[in-house]
Amino acid sequence: MPSLIRRSFGPKVRPSQGHHDNDDDATSNQLLVTTRQSKRFKDISGAIAGPRNSRSHHKNQVPVLAQAGRLGESAVSGAECHNDLVPNFRPARGLQNVIFRCGQTDDLIHRVEERQPTTTTGRQCASNILSEQVLLYDAGLVIDLRSPPERDSKSATAWMSMAPGGTYEVQNHQFQIRKPRQERTCLRLTPLPAERFYHYIDTHWLDAQEKARTALFKLTGDVGALHQMRINAMNRRGLVGMYQAILEVGKSELCEALRAIALHLEYAYREEEEGIKKMMATMMNHHHLATSSRKKKLIVVHCVQGKDRTGILIMLLQSILKIGDVDILLDYALSDPTDKEATSAAVLQAQSGTPKVAWGSLDHSAFLGAPKSVMKQTLQYLRDRYGSVSPGYLDNIGFNAVWRKRLQLAVAAVTGDEDDEIVLNQDL
(Lines give C-alpha, C1' and ligand atoms only; values in the text may rest on other atoms or scores of the structure.)
Protein backbone atom coordinates (compact mmCIF):
# COMPACT_ATOMS: atom_id res chain seq x y z
CA MET A 1 0.00 0.00 0.00
CA PRO A 2 1.17 3.55 -0.62
CA SER A 3 2.59 5.39 2.35
CA LEU A 4 -0.34 7.83 2.25
CA ILE A 5 -2.80 5.18 3.35
CA ARG A 6 -0.37 3.65 5.83
CA ARG A 7 0.07 7.05 7.48
CA SER A 8 -3.68 7.66 7.55
CA PHE A 9 -4.48 4.54 9.52
CA GLY A 10 -1.37 3.92 11.54
CA PRO A 11 0.99 0.97 11.76
CA LYS A 12 0.10 -2.61 11.12
CA VAL A 13 -1.41 -4.51 14.03
CA ARG A 14 0.59 -7.53 15.05
CA PRO A 15 -1.16 -10.59 16.53
CA SER A 16 0.20 -10.06 20.01
CA GLN A 17 -2.78 -8.75 21.95
CA GLY A 18 -5.28 -10.91 23.76
CA HIS A 19 -6.39 -14.48 23.22
CA HIS A 20 -6.14 -16.12 19.85
CA ASP A 21 -6.51 -19.71 18.75
CA ASN A 22 -3.45 -21.70 17.74
CA ASP A 23 -3.37 -23.67 14.53
CA ASP A 24 -0.75 -26.31 15.27
CA ASP A 25 -0.92 -28.02 11.88
CA ALA A 26 2.63 -27.96 10.50
CA THR A 27 1.74 -27.47 6.86
CA SER A 28 4.64 -27.37 4.43
CA ASN A 29 5.27 -24.13 2.60
CA GLN A 30 5.56 -26.21 -0.59
CA LEU A 31 1.82 -26.35 -1.19
CA LEU A 32 0.11 -28.82 -3.43
CA VAL A 33 -3.03 -27.00 -4.44
CA THR A 34 -6.20 -28.76 -5.37
CA THR A 35 -9.42 -27.22 -6.52
CA ARG A 36 -12.82 -27.95 -5.10
CA GLN A 37 -15.97 -27.49 -7.05
CA SER A 38 -18.24 -25.87 -4.50
CA LYS A 39 -21.74 -27.23 -4.53
CA ARG A 40 -23.91 -24.70 -6.23
CA PHE A 41 -27.11 -23.97 -4.43
CA LYS A 42 -30.27 -22.17 -5.28
CA ASP A 43 -30.12 -18.56 -4.15
CA ILE A 44 -33.27 -18.25 -2.12
CA SER A 45 -34.52 -14.68 -2.09
CA GLY A 46 -34.44 -13.01 1.29
CA ALA A 47 -37.67 -11.21 0.55
CA ILE A 48 -40.11 -14.06 0.27
CA ALA A 49 -43.46 -12.39 -0.04
CA GLY A 50 -45.81 -12.47 2.90
CA PRO A 51 -48.77 -14.85 2.61
CA ARG A 52 -51.76 -13.61 0.68
CA ASN A 53 -54.20 -16.22 1.97
CA SER A 54 -52.89 -16.57 5.51
CA ARG A 55 -55.40 -16.93 8.32
CA SER A 56 -53.34 -14.70 10.60
CA HIS A 57 -51.90 -12.29 8.05
CA HIS A 58 -51.75 -8.68 9.19
CA LYS A 59 -51.16 -5.62 7.10
CA ASN A 60 -47.77 -4.64 8.47
CA GLN A 61 -46.18 -8.08 8.17
CA VAL A 62 -42.69 -7.99 6.60
CA PRO A 63 -40.87 -11.18 5.58
CA VAL A 64 -38.28 -12.50 8.04
CA LEU A 65 -35.21 -12.07 5.83
CA ALA A 66 -36.35 -8.75 4.45
CA GLN A 67 -36.53 -7.52 8.03
CA ALA A 68 -33.28 -9.22 9.00
CA GLY A 69 -31.53 -7.52 6.11
CA ARG A 70 -32.49 -4.13 7.46
CA LEU A 71 -31.30 -4.81 10.98
CA GLY A 72 -28.86 -2.20 12.11
CA GLU A 73 -29.75 0.46 9.54
CA SER A 74 -29.45 3.15 12.19
CA ALA A 75 -26.50 1.60 14.00
CA VAL A 76 -23.91 4.07 12.78
CA SER A 77 -25.21 7.50 13.64
CA GLY A 78 -23.41 10.61 14.79
CA ALA A 79 -20.07 9.14 13.70
CA GLU A 80 -17.04 11.37 13.41
CA CYS A 81 -15.95 9.44 10.35
CA HIS A 82 -19.30 9.47 8.56
CA ASN A 83 -19.18 8.59 4.88
CA ASP A 84 -21.99 9.98 2.77
CA LEU A 85 -21.71 7.32 0.04
CA VAL A 86 -20.12 4.18 1.51
CA PRO A 87 -21.05 3.72 5.19
CA ASN A 88 -18.63 2.28 7.72
CA PHE A 89 -15.68 2.15 5.31
CA ARG A 90 -12.30 1.39 6.87
CA PRO A 91 -9.35 -1.00 6.65
CA ALA A 92 -9.92 -4.16 8.68
CA ARG A 93 -7.74 -4.07 11.77
CA GLY A 94 -4.60 -6.17 11.46
CA LEU A 95 -5.18 -7.12 7.82
CA GLN A 96 -2.30 -5.04 6.53
CA ASN A 97 -4.32 -2.33 4.74
CA VAL A 98 -5.06 -4.88 2.02
CA ILE A 99 -8.58 -5.90 3.14
CA PHE A 100 -11.22 -3.23 3.74
CA ARG A 101 -14.72 -3.45 5.16
CA CYS A 102 -17.86 -1.35 4.70
CA GLY A 103 -21.60 -1.19 4.26
CA GLN A 104 -23.54 -0.99 0.99
CA THR A 105 -21.76 0.46 -2.03
CA ASP A 106 -24.70 1.12 -4.36
CA ASP A 107 -24.61 4.90 -3.83
CA LEU A 108 -21.27 5.10 -5.62
CA ILE A 109 -23.34 5.43 -8.77
CA HIS A 110 -23.82 9.09 -7.78
CA ARG A 111 -20.09 9.68 -7.89
CA VAL A 112 -19.57 7.81 -11.15
CA GLU A 113 -22.62 9.00 -13.07
CA GLU A 114 -23.17 12.50 -11.75
CA ARG A 115 -19.62 13.34 -10.68
CA GLN A 116 -21.09 14.45 -7.38
CA PRO A 117 -18.50 16.42 -5.40
CA THR A 118 -17.40 15.46 -1.93
CA THR A 119 -19.11 17.88 0.46
CA THR A 120 -17.85 16.68 3.82
CA THR A 121 -14.75 18.02 5.51
CA GLY A 122 -11.82 16.92 7.64
CA ARG A 123 -11.83 13.31 8.70
CA GLN A 124 -15.18 12.76 7.01
CA CYS A 125 -13.72 13.86 3.70
CA ALA A 126 -10.76 11.51 4.15
CA SER A 127 -13.15 8.58 4.60
CA ASN A 128 -15.01 9.48 1.42
CA ILE A 129 -11.82 9.89 -0.58
CA LEU A 130 -10.36 6.58 0.58
CA SER A 131 -13.53 4.57 -0.07
CA GLU A 132 -13.91 6.00 -3.56
CA GLN A 133 -10.24 5.52 -4.38
CA VAL A 134 -10.28 1.88 -3.27
CA LEU A 135 -13.64 0.86 -4.75
CA LEU A 136 -13.61 2.88 -7.96
CA TYR A 137 -9.92 2.54 -8.82
CA ASP A 138 -7.84 0.15 -6.75
CA ALA A 139 -9.82 -2.88 -5.55
CA GLY A 140 -9.38 -6.15 -7.41
CA LEU A 141 -11.99 -8.15 -5.45
CA VAL A 142 -15.25 -7.02 -3.85
CA ILE A 143 -17.19 -9.58 -1.80
CA ASP A 144 -20.86 -8.62 -1.50
CA LEU A 145 -22.58 -10.56 1.30
CA ARG A 146 -26.05 -9.09 0.83
CA SER A 147 -29.10 -11.04 -0.25
CA PRO A 148 -30.58 -10.01 -3.65
CA PRO A 149 -33.50 -8.00 -2.16
CA GLU A 150 -31.05 -5.87 -0.18
CA ARG A 151 -29.18 -4.83 -3.31
CA ASP A 152 -30.10 -1.99 -5.65
CA SER A 153 -29.19 -4.09 -8.65
CA LYS A 154 -29.49 -1.29 -11.17
CA SER A 155 -27.17 1.04 -9.24
CA ALA A 156 -24.74 -1.72 -8.30
CA THR A 157 -24.44 -2.94 -11.88
CA ALA A 158 -24.08 0.59 -13.19
CA TRP A 159 -21.24 1.79 -10.96
CA MET A 160 -19.30 -1.47 -11.33
CA SER A 161 -19.54 -1.26 -15.12
CA MET A 162 -18.56 2.42 -15.16
CA ALA A 163 -15.82 2.41 -12.50
CA PRO A 164 -12.85 4.47 -13.75
CA GLY A 165 -10.38 1.84 -12.56
CA GLY A 166 -11.94 -0.86 -14.73
CA THR A 167 -15.14 -2.88 -15.00
CA TYR A 168 -15.98 -5.50 -12.39
CA GLU A 169 -16.97 -8.98 -13.51
CA VAL A 170 -19.85 -10.20 -11.31
CA GLN A 171 -19.67 -13.81 -10.13
CA ASN A 172 -22.39 -15.51 -8.10
CA HIS A 173 -21.93 -18.25 -5.49
CA GLN A 174 -18.46 -19.38 -6.57
CA PHE A 175 -15.19 -17.58 -7.26
CA GLN A 176 -13.45 -18.55 -10.48
CA ILE A 177 -10.04 -17.60 -11.85
CA ARG A 178 -10.44 -16.94 -15.53
CA LYS A 179 -7.69 -17.06 -18.16
CA PRO A 180 -6.95 -14.43 -19.24
CA ARG A 181 -7.94 -13.18 -15.84
CA GLN A 182 -10.52 -10.46 -15.36
CA GLU A 183 -8.66 -7.89 -13.30
CA ARG A 184 -11.61 -6.87 -11.13
CA THR A 185 -14.25 -9.21 -9.70
CA CYS A 186 -17.35 -8.79 -7.56
CA LEU A 187 -18.27 -12.05 -5.84
CA ARG A 188 -21.83 -12.19 -4.54
CA LEU A 189 -22.55 -14.63 -1.72
CA THR A 190 -25.57 -15.00 0.58
CA PRO A 191 -24.47 -16.42 3.95
CA LEU A 192 -27.97 -16.21 5.40
CA PRO A 193 -30.30 -17.55 2.65
CA ALA A 194 -33.96 -17.56 3.56
CA GLU A 195 -34.82 -21.24 3.26
CA ARG A 196 -31.86 -22.44 5.33
CA PHE A 197 -32.37 -19.70 7.89
CA TYR A 198 -36.02 -20.69 8.33
CA HIS A 199 -35.00 -24.31 8.80
CA TYR A 200 -32.36 -23.29 11.36
CA ILE A 201 -34.92 -21.31 13.36
CA ASP A 202 -37.43 -24.17 13.28
CA THR A 203 -34.80 -26.70 14.33
CA HIS A 204 -32.70 -24.83 16.88
CA TRP A 205 -34.63 -21.87 18.27
CA LEU A 206 -38.09 -23.27 19.01
CA ASP A 207 -39.06 -25.20 22.13
CA ALA A 208 -41.11 -28.40 22.04
CA GLN A 209 -44.44 -26.61 22.23
CA GLU A 210 -43.49 -24.14 19.50
CA LYS A 211 -42.27 -26.97 17.26
CA ALA A 212 -45.63 -28.69 17.65
CA ARG A 213 -47.44 -25.49 16.73
CA THR A 214 -45.07 -24.97 13.80
CA ALA A 215 -45.89 -28.42 12.47
CA LEU A 216 -49.59 -27.55 12.69
CA PHE A 217 -49.06 -24.22 10.91
CA LYS A 218 -47.21 -25.95 8.10
CA LEU A 219 -49.90 -28.62 7.83
CA THR A 220 -52.72 -26.07 7.65
CA GLY A 221 -50.80 -23.62 5.48
CA ASP A 222 -50.97 -20.83 8.07
CA VAL A 223 -47.85 -19.08 6.80
CA GLY A 224 -48.60 -15.87 8.69
CA ALA A 225 -48.63 -17.56 12.09
CA LEU A 226 -45.46 -19.45 11.16
CA HIS A 227 -43.82 -16.16 10.23
CA GLN A 228 -44.76 -14.63 13.58
CA MET A 229 -43.40 -17.64 15.42
CA ARG A 230 -40.04 -17.24 13.70
CA ILE A 231 -39.92 -13.50 14.32
CA ASN A 232 -40.56 -14.08 18.02
CA ALA A 233 -37.71 -16.58 18.12
CA MET A 234 -35.41 -14.04 16.45
CA ASN A 235 -36.31 -11.46 19.08
CA ARG A 236 -35.40 -13.85 21.88
CA ARG A 237 -32.01 -14.68 20.38
CA GLY A 238 -31.09 -11.13 19.37
CA LEU A 239 -27.79 -10.17 17.76
CA VAL A 240 -25.83 -13.00 19.39
CA GLY A 241 -28.24 -15.56 17.98
CA MET A 242 -28.13 -13.91 14.57
CA TYR A 243 -24.34 -14.26 14.46
CA GLN A 244 -24.56 -17.90 15.48
CA ALA A 245 -27.08 -18.46 12.67
CA ILE A 246 -24.75 -16.85 10.12
CA LEU A 247 -21.90 -19.11 11.26
CA GLU A 248 -24.03 -22.26 11.11
CA VAL A 249 -26.24 -21.56 8.10
CA GLY A 250 -23.62 -19.81 5.96
CA LYS A 251 -20.72 -22.26 6.26
CA SER A 252 -20.36 -22.90 2.53
CA GLU A 253 -20.56 -19.18 1.69
CA LEU A 254 -18.06 -18.17 4.37
CA CYS A 255 -15.66 -20.88 3.19
CA GLU A 256 -16.05 -19.73 -0.43
CA ALA A 257 -15.33 -16.13 0.58
CA LEU A 258 -12.14 -17.17 2.39
CA ARG A 259 -10.99 -19.23 -0.60
CA ALA A 260 -11.69 -16.35 -2.96
CA ILE A 261 -9.55 -14.04 -0.82
CA ALA A 262 -6.68 -16.55 -0.75
CA LEU A 263 -6.84 -17.15 -4.51
CA HIS A 264 -7.09 -13.46 -5.33
CA LEU A 265 -4.07 -12.56 -3.20
CA GLU A 266 -2.01 -15.44 -4.58
CA TYR A 267 -2.59 -14.28 -8.12
CA ALA A 268 -2.04 -10.66 -7.19
CA TYR A 269 1.37 -11.71 -5.89
CA ARG A 270 2.15 -13.69 -9.05
CA GLU A 271 1.07 -10.83 -11.31
CA GLU A 272 3.15 -8.38 -9.31
CA GLU A 273 6.20 -10.62 -9.67
CA GLU A 274 5.60 -10.89 -13.40
CA GLY A 275 5.18 -7.12 -13.57
CA ILE A 276 8.53 -6.61 -11.88
CA LYS A 277 10.19 -8.88 -14.42
CA LYS A 278 8.60 -6.95 -17.28
CA MET A 279 9.63 -3.66 -15.73
CA MET A 280 13.22 -4.75 -15.45
CA ALA A 281 13.17 -6.00 -19.03
CA THR A 282 11.57 -2.91 -20.53
CA MET A 283 12.64 -0.26 -17.99
CA MET A 284 9.00 0.37 -17.16
CA ASN A 285 8.22 3.41 -15.06
CA HIS A 286 8.14 2.52 -11.35
CA HIS A 287 5.00 4.56 -10.73
CA HIS A 288 3.09 2.58 -13.34
CA LEU A 289 4.11 -0.67 -11.69
CA ALA A 290 3.11 0.50 -8.22
CA THR A 291 -0.29 1.62 -9.47
CA SER A 292 -1.10 -1.53 -11.44
CA SER A 293 0.11 -3.95 -8.77
CA ARG A 294 -1.73 -2.17 -5.99
CA LYS A 295 -4.93 -2.28 -7.98
CA LYS A 296 -4.74 -6.06 -8.16
CA LYS A 297 -4.26 -6.51 -4.43
CA LEU A 298 -6.98 -4.69 -2.54
CA ILE A 299 -10.10 -6.48 -1.31
CA VAL A 300 -13.36 -5.01 0.01
CA VAL A 301 -15.87 -7.04 2.04
CA HIS A 302 -19.31 -5.55 2.58
CA CYS A 303 -22.95 -6.20 3.40
CA VAL A 304 -25.63 -3.60 4.22
CA GLN A 305 -24.05 -1.89 7.22
CA GLY A 306 -20.69 -3.65 7.28
CA LYS A 307 -20.99 -4.95 10.84
CA ASP A 308 -22.89 -8.28 10.96
CA ARG A 309 -22.15 -10.59 8.03
CA THR A 310 -19.06 -8.53 7.22
CA GLY A 311 -18.04 -8.61 10.88
CA ILE A 312 -18.24 -12.41 10.97
CA LEU A 313 -16.10 -12.88 7.85
CA ILE A 314 -13.53 -10.32 9.01
CA MET A 315 -13.35 -12.04 12.41
CA LEU A 316 -12.56 -15.34 10.70
CA LEU A 317 -9.85 -13.70 8.60
CA GLN A 318 -8.33 -12.07 11.67
CA SER A 319 -8.36 -15.39 13.51
CA ILE A 320 -6.56 -17.12 10.62
CA LEU A 321 -3.87 -14.42 10.75
CA LYS A 322 -3.64 -14.88 14.52
CA ILE A 323 -4.95 -11.45 15.42
CA GLY A 324 -5.81 -11.43 19.12
CA ASP A 325 -9.28 -11.05 20.62
CA VAL A 326 -8.54 -7.53 21.83
CA ASP A 327 -8.01 -6.27 18.29
CA ILE A 328 -10.93 -8.28 16.90
CA LEU A 329 -13.28 -6.71 19.44
CA LEU A 330 -11.89 -3.22 18.90
CA ASP A 331 -12.31 -3.50 15.15
CA TYR A 332 -15.85 -4.81 15.44
CA ALA A 333 -16.87 -2.07 17.88
CA LEU A 334 -15.82 0.63 15.39
CA SER A 335 -19.03 -0.16 13.49
CA ASP A 336 -20.87 1.60 16.31
CA PRO A 337 -18.85 4.75 17.04
CA THR A 338 -21.40 5.86 19.65
CA ASP A 339 -20.00 2.95 21.74
CA LYS A 340 -23.14 2.53 23.85
CA GLU A 341 -22.02 -0.83 25.21
CA ALA A 342 -23.61 -0.50 28.64
CA THR A 343 -27.01 0.60 27.34
CA SER A 344 -27.08 -1.28 24.06
CA ALA A 345 -30.49 -2.83 23.39
CA ALA A 346 -28.73 -5.83 21.90
CA VAL A 347 -26.81 -6.38 25.14
CA LEU A 348 -29.84 -5.83 27.36
CA GLN A 349 -31.85 -8.18 25.15
CA ALA A 350 -29.21 -10.89 25.49
CA GLN A 351 -29.20 -10.44 29.26
CA SER A 352 -32.97 -10.48 29.74
CA GLY A 353 -34.10 -12.70 26.88
CA THR A 354 -37.41 -10.82 26.96
CA PRO A 355 -38.57 -9.06 23.77
CA LYS A 356 -39.70 -5.47 24.19
CA VAL A 357 -42.29 -5.54 21.40
CA ALA A 358 -45.60 -7.26 20.72
CA TRP A 359 -45.51 -10.97 19.97
CA GLY A 360 -44.75 -11.59 16.30
CA SER A 361 -43.29 -8.11 15.65
CA LEU A 362 -39.58 -7.68 15.03
CA ASP A 363 -37.70 -5.86 17.80
CA HIS A 364 -35.27 -3.85 15.66
CA SER A 365 -33.53 -2.39 18.71
CA ALA A 366 -32.25 -5.85 19.66
CA PHE A 367 -30.09 -5.93 16.52
CA LEU A 368 -28.61 -2.42 16.51
CA GLY A 369 -25.07 -1.41 17.35
CA ALA A 370 -21.87 -3.40 17.60
CA PRO A 371 -21.32 -4.18 21.30
CA LYS A 372 -17.98 -5.81 22.05
CA SER A 373 -19.77 -8.29 24.32
CA VAL A 374 -21.73 -9.64 21.33
CA MET A 375 -18.59 -10.49 19.37
CA LYS A 376 -16.98 -11.81 22.54
CA GLN A 377 -19.90 -14.20 23.02
CA THR A 378 -19.65 -15.19 19.35
CA LEU A 379 -15.97 -16.12 19.73
CA GLN A 380 -16.79 -18.08 22.87
CA TYR A 381 -19.61 -19.89 21.08
CA LEU A 382 -17.17 -21.11 18.41
CA ARG A 383 -14.68 -22.25 21.04
CA ASP A 384 -17.32 -24.06 23.06
CA ARG A 385 -18.87 -25.78 20.04
CA TYR A 386 -15.83 -26.41 17.83
CA GLY A 387 -12.91 -26.19 20.25
CA SER A 388 -11.49 -23.08 18.58
CA VAL A 389 -12.06 -20.68 15.73
CA SER A 390 -8.91 -21.90 14.01
CA PRO A 391 -8.48 -24.77 13.41
CA GLY A 392 -11.78 -25.99 14.94
CA TYR A 393 -14.56 -24.10 13.15
CA LEU A 394 -12.53 -23.49 9.98
CA ASP A 395 -11.77 -27.19 9.58
CA ASN A 396 -15.49 -27.89 9.97
CA ILE A 397 -16.49 -25.57 7.12
CA GLY A 398 -13.77 -26.86 4.80
CA PHE A 399 -11.18 -24.10 5.09
CA ASN A 400 -8.53 -26.53 6.25
CA ALA A 401 -4.88 -26.15 7.25
CA VAL A 402 -3.64 -26.09 3.65
CA TRP A 403 -6.00 -23.27 2.75
CA ARG A 404 -5.18 -21.36 5.92
CA LYS A 405 -1.47 -21.59 5.18
CA ARG A 406 -2.07 -20.41 1.64
CA LEU A 407 -3.99 -17.40 2.92
CA GLN A 408 -1.32 -16.56 5.50
CA LEU A 409 1.46 -16.77 2.92
CA ALA A 410 -0.51 -14.79 0.35
CA VAL A 411 -1.19 -11.92 2.78
CA ALA A 412 2.47 -11.90 3.78
CA ALA A 413 3.60 -11.98 0.15
CA VAL A 414 1.48 -9.10 -1.13
CA THR A 415 2.41 -6.93 1.85
CA GLY A 416 6.13 -7.70 1.63
CA ASP A 417 6.20 -9.53 4.97
CA GLU A 418 6.75 -13.04 3.63
CA ASP A 419 9.40 -15.20 5.27
CA ASP A 420 8.82 -18.15 2.97
CA GLU A 421 8.50 -18.50 -0.76
CA ILE A 422 4.92 -18.83 -1.93
CA VAL A 423 4.39 -21.58 -4.48
CA LEU A 424 1.29 -21.55 -6.65
CA ASN A 425 -0.25 -24.32 -8.66
CA GLN A 426 -0.02 -23.34 -12.31
CA ASP A 427 -3.24 -25.19 -13.10
CA LEU A 428 -5.50 -22.90 -11.05
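The values are calculated or read from the model by the stated rules, or taken from the named source; none is laboratory data. Treat the numbers as computed from the prediction; the structure is a model and nothing was measured. When we count neighbours, we look across all protein chains shown, and the Cβ atoms used for this are built from the backbone with ideal geometry, even at glycine. For the accessible areas, the whole protein counts, side chains as well, though only heavy atoms, and no ligand, DNA or RNA atoms are used. Shrake-Rupley method; radii C 1.70, N 1.55, O 1.52, S 1.80 Å.
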Flag for Arg151 being touching a residue at least 60 places away in the same chain (Cβ under 8 Å), closer than 25 Å to Ala370 by Cβ and open to solvent by 20 Å² or more (accessible area, probe 1.4 Å): no
Residues of segment 154-175 classified as open to solvent by less than 20 Å² (accessible area, probe 1.4 Å) and in a loop (DSSP other than H, G, I, E, B), total: 5
Considering residues of segment 176-200 that are hydrophobic (A, V, I, L, M, F, W, C) and either in a loop (DSSP other than H, G, I, E, B) or touching a Ser or Thr at 6+ places or on another chain (Cβ under 7 Å) (or both) only, the residue modelled with the highest pLDDT: Leu189
Lone unmet requirement of (1) at pLDDT below 95; (2) within 21 Å of the chain's Cα centre (by Cα) for Arg406: (1)
Residue list for segment 194-212, filter: hydrophobic (A, V, I, L, M, F, W, C) and open to solvent by 60 Å² or more (accessible area, probe 1.4 Å): Ala208, Ala212
Enumeration of residues in segment 362-408 that are open to solvent by less than 50 Å² (accessible area, probe 1.4 Å) and among the aliphatic types (A, V, I, L, M): Leu362, Ala366, Ala370, Val374, Met375, Leu379, Leu382, Val389, Leu394, Ile397, Ala401, Leu407
